[in-house]
Amino acid sequence: MARRLLRRGEARGEIVIPAVPGMLDEYVQMCSKVFATVGSPFTPEQLAHLRTALESQLTQAYQATQRSDIIISWHTPVGTALNYHIQPRAKTIAETYDDWIATREPPLFGTQPDARVWDLASEATDPKQFSILDIGAGTGRNALALARRGHPVDVVEVNEKFVDMIRQEASRERLRMGLIQRDVFATSTEDLDDDYDLILLSEVVPEFRTADQLRTLFQLASDCLAPGGRLVFNTFMAAHNYTPDESVIQLGEQMYSRIFTYAEMAAAVADFPLEQVSDDSVYDYESTHLPEGGWPPTGWYPEWVTGQDVFALPRELCPIDMRWLVYRKQA
Ligand SMILES: C[S@@+](CC[C@H](N)C(=O)[O-])C[C@H]1O[C@@H](n2cnc3c(N)ncnc32)[C@H](O)[C@@H]1O
């Protein structure tokens with residue numbers, strides 16, 4: 001009787017979920033459970049067909065960008081079998097942050113500059129003589145604070161609205177900053193100087209997709225740093241005894257947490273005149289060194305930097321961790 005009752009009902013729904021091709025089994029299981037719940041259990045043949053359709057759409061979405069979903073829409077009309085439709089949806093990084101600006105409460109990334117960045121810049125006795133390039137500056141949390149301290153600061157940022165925000169704030173406070181709106185990978189480095197004392201990327205390398213992009217970053221640092229200048233960035237690193245598989249890398253990308261191994265990092269920097277000078281846990285460094293009231297910078301930060309957005313595990317069991325890496329260009 002319950003089955004007959006459901007047969008006379010009508011149901012429809014939509015599931016929007018990040019595209020991680022390596023987790024195909026999870027999507028098939030989820031659809032199978034949902035469809036059975038609304039009275040349309042799938043046969044093994046139907047599930048095999050669903051699996052093939054999901055696989056192709058997941059791959060297409062994931063290849064397009066690391067901010068991609070698949071949308072599974074389904075409908076059970078009265079007396080007819082369930083029909084479904086799967087569609088990929090991909091956003092660029094710039095579009096993702098347009099959504100953040102439209103839907104989230106500011107401050108999006110916190111109000112204080114990063115302690116690691118501030119400490120490196122503070123080593124300069126005369127800020128005016130210590131120039132800084134902030135790549136992926138976002139709302140200018142670091143760039144504006146450094147410019148207020150007196151550093152010459154240039155910014156490369158792909159999102160136009162973020163660049164406008166920084167421009168407005170800089171103009172209000174009469175800060176002189178160089179603002180370049182573009183993808184850091186898009187063109188050559190001709191619009192940048194070749195003698196920065198510090199190049200920083202905070203919360204940006206987790207947006208990278210490939211180890212080749214790491215190489216491009218090290219090339220940029222080699223071309224644009226003054227001798228003795230430093231490159232600092234934070235990045236998710238796999239523990240030394242752990243090699244993430246494809247599905248971990250893919251889920252990491254979707255969770256703003258692209259993971260690299262120490263071997264990949266060493267290979268990427270190998271051809272450049274850069275030596276690594278430090279490697280610190282972001283959680284430990286920031287929670288210890290941020291000024292009173294500055295920790296955590298946002299509600300999501302502690303879980304994110306400890307890898308818990310990828311692994312639903314206690315911090316000490318997570319095999320990835322966000323690290324501050326600092327490299328010095330040889331004199
Ligand atoms: C998570 S936000 C961090 C913003 C800022 N660095 C901070 O820590 O407050 C990442 C920023 O990097 C920018 N971004 C990501 N990939 C980029 C690229 N390839 N070129 C330029 N900017 C990029 C994004 O638009 C975004 O503003």
Exercise for the section: For residue 171 paired with residue 119, estimate the spin-label separation in nm (one decimal), with each label point 7 Å from Cα along the Cα-to-Cβ line. Expected result: 3.7
Practice task
At a Cα cut-off below 23 Å, give the lysines reachable from residue 91, other chains included and same-chain residues fewer than 8 away excluded.
Solution key: 161
Exercise for the section: Send over the per residue convex hull volume for the stretch 154-310, Cα only, as a whole number of Å³. Expected result: 146
Handout entry: Share of alpha-carbon pairs per 10 Å distance bin for the stretch 2-91, given as whole %
Key = 18, 47, 26, 8, 1
Exercise for the section: At a Cα cut-off below 22 Å, give the lysines reachable from residue 128, other chains included and same-chain residues fewer than 8 away excluded. Expected result: 329
Practice task
Using just the helices of the chain, give the 222 nm mean residue ellipticity in deg cm²/dmol: DSSP H runs with n ≥ 4 each add -39,500 (n - 2.57), and the total is spread over all residues, rounded to 500.
Solution key: -11000 deg cm²/dmol
Problem - 1.4 Å probe accessible area per residue over the stretch 116-188, in Å² - result: 48
Handout entry: Area accessible to solvent at residue 329, 1.4 Å probe radius, in Å²
Key = 30
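Taking a 1.4 Å probe, which of 245, 321 shows the most accessible area, and what order do the others take after it? All intermediate terms of the calculation are to be shown ahead of the outcome.
Values: 245 85, 321 30 Å².
Of 245, 321, the descending order of accessible area is 245, 321.
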Exercise for the section: Using +1 at the Cβ of each Lys and Arg and -1 at the Cβ of each Asp and Glu in the chain, identify which of 278, 108, 238 lies farthest towards the dipole's positive end. Expected result: 108
Practice task
Calculate the spin-label point distance for residue 216 paired with residue 12, positioning each point 7 Å from the Cα along the beta-carbon direction, and give it in nanometres.
Solution key: 4.2
Handout entry: DSSP beta bridge pairing in the chain, given as percent antiparallel to the nearest 5
Key = 65
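Quick check on the chain: what does the Kirkwood estimate of hydrodynamic radius come out to from the alpha carbon pairs, in Å?
When all Cα pairs of the chain are included, the Kirkwood radius is 22.0 Å.
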Problem - Carbon + sulfur, % of accessible area of the stretch 187-309 - ligands and nucleic acids excluded, 1.4 Å - result: 47
Problem - Normalised contact order of the chain, rounded percent, pairs of Cα under 8 Å and 6 or more residues apart - result: 15
Practice task
Please get the size of the charge dipole for the chain, origin at its Cα centre, with Cβ charges of +1 on Lys and Arg and -1 on Asp and Glu, quoted in debye to the nearest 20.
Solution key: 1400
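Take the Cβ-Cβ distance between residue 182 and residue 98 as r, set R0 to 22 Å, and report the resulting FRET efficiency rounded to the nearest 0.05. Kindly include the intermediate steps, with their values, before the conclusion.
Details: r = 16 Å, r/R0 = 0.73.
That pair, residue 182 with residue 98, gives E of 0.85.
The values are calculated or read from the model by the stated rules, or taken from the named source; none is laboratory data. Small disclaimer: the values here were computed from a predicted structure and weren't measured. Here Cβ is always computed from backbone atoms with ideal geometry, including for glycine, and neighbour counts include all displayed protein chains. These accessible areas exclude ligands, DNA and RNA; they are computed on the full protein's heavy atoms, side chains included. Shrake-Rupley method; radii C 1.70, N 1.55, O 1.52, S 1.80 Å.
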